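The values are calculated or read from the model by the stated rules, or taken from the named source; none is laboratory data. None of these values were measured; they are calculated from a predicted model. Glycine also receives a Cβ, built like all others from the backbone with ideal geometry; neighbour counts cover every protein chain displayed. Accessible surface is based on the protein model in full, side chains and every heavy atom, while ligands, DNA and RNA are left aside. Shrake-Rupley method; radii C 1.70, N 1.55, O 1.52, S 1.80 Å.
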Amino acid sequence: MNYLQINRANTLNGNIKISGAKNAALPLIAMTILAKNRVDIKNLPHVVDIKTLLKLLSNLGASCSDFSNGSDIISISTSALHETKATYDIVRTMRASILVLGPILARFGHCEVSLPGGCAIGQRPVDLHLKALEQMGAVINIEAGYIHATAPDGLKGCQIIFDKITVTGTANIVMAAALAKGITTITNAAREPEVVQLCEILNASGVKIDGISTGVLTIHGTDGKLVDIAEFSVIPDRIEAGTYLCAGAITNSELTLENANHKHLGAVIAKLEEMGNKISFTDTTITIHPSKVQKHVKIVTQEYPGFPTDMQAQFLALTTQADGTSIIEERLFENRFMHVSELQRMGADISLSGHTATIVGGTKLSGTDVMATDLRASSALVLAGLIADGVTNVHRIYHLDRGYDSLEVKLQNVGADIKRLNE
Ligand code: UD1
């Protein structure tokens, strides 16, 4: 198994190119199930989750061009797709496999997807996806660990009100509604930029969608007609960008991110500024001019445009170096503080009470062996390793590889002493 070995960095310096957003690319790849043509996708990140979804589509009969050659472009044709069952062996490795449920059910009238089950950061049920599909006319049974969904008379547009804002739930229902008969309205829809891009592309492909980037989406279904999707480029990964901005802040380094979109990072940039850092940007770059002293902060995770839960762990690492006591409240997931015990082993002073972490800043961190527990927790440990005395070994980095494209190479290029080794 691979692990990352990190030696304390002096300051970093230079530019980092941000990859395409994993969380945008996943629904966009699932969206190709709705297409009648071969779809070309640019700016796809080289991360394991993307490869997993491509493998799932290939297993179902789609043809995908080679994505192992270093290029960030892929071409997908789902015209020969015939299998409609997403099996456990794939779904268990990536919960986002549930994203094929809406489009397959809409196109074929039936679909089976293994239940994703629990995951490290909490229960993460898919009840809201299923309830919405039932409202659209689907018949859903759960048997032997599988969701069996059929829509004998096709899916029909209706009014859906999500009890909770769900990102992949919104994407799934938008894709189902795209081929449904009639108009579907989703109230309490997710407004994340990744959902916005999915809606914009479908809208440009002949599925009229009103209310894009608002909490109420109105989707005019095509009544089963597949759509023609022109080539597009995946939006930049805002969480990857936010992680490297935190790397700049924690190591007191000026870093410039290329191929980044500051407009998607409003809440993250606002917190970094509140901590004393200056952020400048152009249309495609973001530069952090770090403050020598990071001020303590209070953070509450929320749905977009609030502060993203996917940046909570990285800011938690950063606040261990702040000038006072910071408070971080996690409102989206019930078990998303597993990085805390690893940071404590490095010397951080953090106490947990329910969904709230209290972080006493200004502690000296020491390098040691730590274990990554989920995707974003992994990057928090890397950030801590950059400033910890001595050597930090971050184990179980398969979590990190699910969502960060060439993290150690990007950090090496700006001067970090980090390498990938084999246990
Ligand atoms: C997506 C992101 C993930 C991010 C999360 C929140 C992808 C592939 N993943 O995950 O990186 O951390 O949004 O921004 O885009 N819920 C239910 N029932 C459901 C669905 C969700 O109770 O049917 C709950 C969840 O348990 C959670 C909350 O709703 O508490 C938000 O979850 P959701 O937005 O669905 O997260 P994901 O789409 O899985």
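List of remarks:
- Within the chain: Cβ-based charge dipole about Cα centre, in debye rounded to nearest 20 (Lys, Arg +1; Asp, Glu -1): 80
- Between residue 228 and residue 110, residue separation times 0.36 nm minus the direct Cα-Cα distance comes to 40.3 nm.
- Added length on full extension, which subtracts the Cα-Cα distance from 0.36 nm per residue, residue 422 to residue 131: 100.3 nm
- Protein-only accessible surface at a 1.4 angstrom probe places the residues 417, 223 in the order 223, 417, largest first.
- Set 22/208; 208/271; 51/208; 42/292 screened for pairs whose C-alpha atoms are more than 27 Å apart: 208/271; 51/208; 42/292
- Compared with the dominant Cα axis of the chain, that is its longest principal axis, helix 167-179 is turned about 20°.
- When only Cα pairs below 8 angstrom with a gap of at least 6 residues are kept, the chain shows a relative contact order of 21 percent.
- For segment 341-416: rounded, prolate or oblate by the Cα gyration tensor [a/c cutoff 1.5]: oblate
- In the chain, the DSSP beta bridges split such that about 70 percent are antiparallel, to the nearest 5.
- Working from label points 7 Å from Cα in the Cα-to-Cβ sense, the residue 295 to residue 10 distance is 3.1 nm.
- Computed about the Cα centre, the dipole magnitude for segment 105-261 is approximately 440 debye when only Lys and Arg (+1) and Asp and Glu (-1) carry charge, each at its Cβ.
- Helix axis angle, 193-204 relative to the chain longest principal axis, alpha carbon, degrees: 30
- Euclidean distance of C-alpha centroids, segment 309-378 and segment 227-244, integer Å: 28
- Rg to Rh quotient for segment 11-74, alpha carbon positions, Kirkwood Rh: 1.05
- Relative contact order [Cα under 8 Å, 6+ residues apart], segment 116-235, whole percent: 21
- Sorting 175, 371 on solvent-accessible area from highest to lowest, probe radius 1.4 Å, gives 371, 175.
- Folded to 0 to 90 degrees: helix 375-387 orientation relative to the chain principal axis, Cα: 20
- Shape of the chain, Cα gyration tensor, a/c cut at 1.5: prolate
- Gain upon complete extension [residue 274, residue 341; 0.36 nm per residue less C-alpha separation]: 21.5 nm
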